[in-house]
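Some notes on the structure that comes next.
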Amino acid sequence: MTLEIEQFMCRSDNFGVLVRDTESGQVALIDAPEEAPILAAVQRTGWKPTMILTTHHHGDHVEANLALKQRFGLRIVGPKAEAGKIPGIDEAVEEGATIPFGNHLIYVIETPGHTAGHVSYYIPTAQMAFTADTLFALGCGRLFEKPAAVMLESLKKLAALPPETKVYCGHEYTQANARFALTVDPTNSALKERAAQINRLRAEGKPTLPTTIGEELATNPFLRWHDPAIRRNLGMENAADEAVFAEIRKRKDVF
Ligand code: ZN
Ligand code: FE
């Protein structure tokens, strides 16, 4: 029941991720940001993708859909709510849908906010989640198509996954996210430690992903709207969760 992962950079800061089921030999590509680095990864690993799991319609996540579909004859799965904007989509999926992958099931979790139809993919049997531009390491996606309240509900769903769940995200934004997180949550020692570790990784040119749900719960301000120290720091001790989250998101927008 083992899944292998190949994570690599595309464009300037997008991640490409290939997931291979060792038993069946099936290979899923999480989003298709750019053709050349994906082909290079396929060559390097010998893992020929059999499907693309699309998270949302933005160009930096679907650009290579049609080229890869033509080359590999693969199947493209994507969110029903924005199916009309996903090039080459074969199967439109909604909350709770399951996609067989070898002996695993990939669950669809609707996580709107960044876009109106954004979905995340979760594989409980492998303890992995692919959250693209909804949940980042130490951050969350910008609110382009839905308000803060909607994004907050999406993040709550991801926060409720088992803490050991490994999280793969759409972008390498972690270092900048850490700088911002420290302005909101400056006394969090787990965050300070993590920020230092992130600086070391980036200095060595290494990725900061995957992260885990547990690590994010301890350090990501966008999952810590309930935290008394953060609330005190924002002067929002008694505010609603949604207001605290919206304030943190607003501050990040202008950081
Ligand atoms: Zn996006
Ligand atoms: Fe993106």
Residue hits (region 182-209; polar (S, T, N, Q), assigned to a helix (DSSP H, G or I) and within 20 Å of Ile230 (Cβ to Cβ)) are Thr183, Ser189
Among the residues of region 32-74, which ones are within 16 Å of ligand 1 (Cβ to nearest atom), small (Gly, Ala, Ser) and open to solvent by less than 10 Å² (accessible area, probe 1.4 Å)? Ala32, Ala64
Of the residues that sit in region 132-147 and are of a type in the set (A, V, I, L, M, F, W, C) and either open to solvent by less than 20 Å² (accessible area, probe 1.4 Å) or out of contact with any helix residue (DSSP H, G or I) (no Cβ under 7 Å at 6 or more places or on another chain) (or both), which one is nearest to Phe245 (Cα to Cα)? Cys140
The one condition Glu23 fails out of (1) farther than 23 Å from Ala81 by Cβ; (2) of a type in the set (D, E, K, R); (3) open to solvent by less than 10 Å² (accessible area, probe 1.4 Å) is (3)
Going through region 110-169 one residue at a time, which ones are over 20 Å from His58 (Cα atoms) and touching a Gly at 6+ places or on another chain (Cβ under 7 Å)? Pro163, Glu164
Checked region 52-79 for anything outside any strand (DSSP E or B), charged (D, E, K, R) and over 20 Å from Leu135 (Cβ atoms); matches are Glu63, Lys69, Arg71
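Listed here are the residues, each with its yes/no results for (1) open to solvent by less than 30 Å² (accessible area, probe 1.4 Å); (2) under 30 Å from Ala28 (Cα atoms); (3) at pLDDT below 95.
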| site | (1), (2), (3) |
| --- | --- |
| Pro162 | no, yes, no |
| Val167 | yes, yes, no |
| Ala176 | no, yes, no |
| Ser189 | no, no, no |
| Ala196 | no, no, no |
| Lys206 | no, yes, no |
| Pro210 | no, yes, no |
| Ile248 | yes, no, no |
| Arg251 | no, no, no |
Take region 123-157 and flag every residue that is over 15 Å from Pro112 (Cα atoms) and either away from ligand 1 (no atom under 16 Å from the Cβ) or not in a strand (DSSP E or B) (or both). Ile123, Pro124, Thr125, Ala126, Gln127, Met128, Ala129, Ala137, Leu138
Quick check, is Thr208 farther than 24 Å from Tyr121 by Cα, touching a helix residue (DSSP H, G or I) at 6+ places or on another chain (Cβ under 9 Å) and hydroxyl-bearing (Ser, Thr, Tyr)? no
Just one of Leu217, Leu182 is among the aliphatic types (A, V, I, L, M), open to solvent by 10 Å² or more (accessible area, probe 1.4 Å) and either within 16 Å of ligand 2 (Cβ to nearest atom) or in contact (Cβ under 8 Å) with a residue 40 or more places away in the chain (or both); which is it? Leu217
Restricting attention to region 79-130, and to residues there that are small (Gly, Ala, Ser) and buried (at least 23 other Cβ atoms within 10 Å of the Cβ), which single residue is farthest from ligand 2 (Cβ to nearest atom)? Ala129
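The values are calculated or read from the model by the stated rules, or taken from the named source; none is laboratory data. Note that the coordinates shown come from a computational prediction; the quantities given were computed from them, not determined experimentally. Neighbour counts are summed over all protein chains in view; Cβ atoms, including those assigned to glycine, are modelled from backbone coordinates with ideal geometry. Each accessible area value is taken on the protein alone, full model and side chains, heavy atoms only, with ligands, DNA and RNA left out. Shrake-Rupley method; radii C 1.70, N 1.55, O 1.52, S 1.80 Å.
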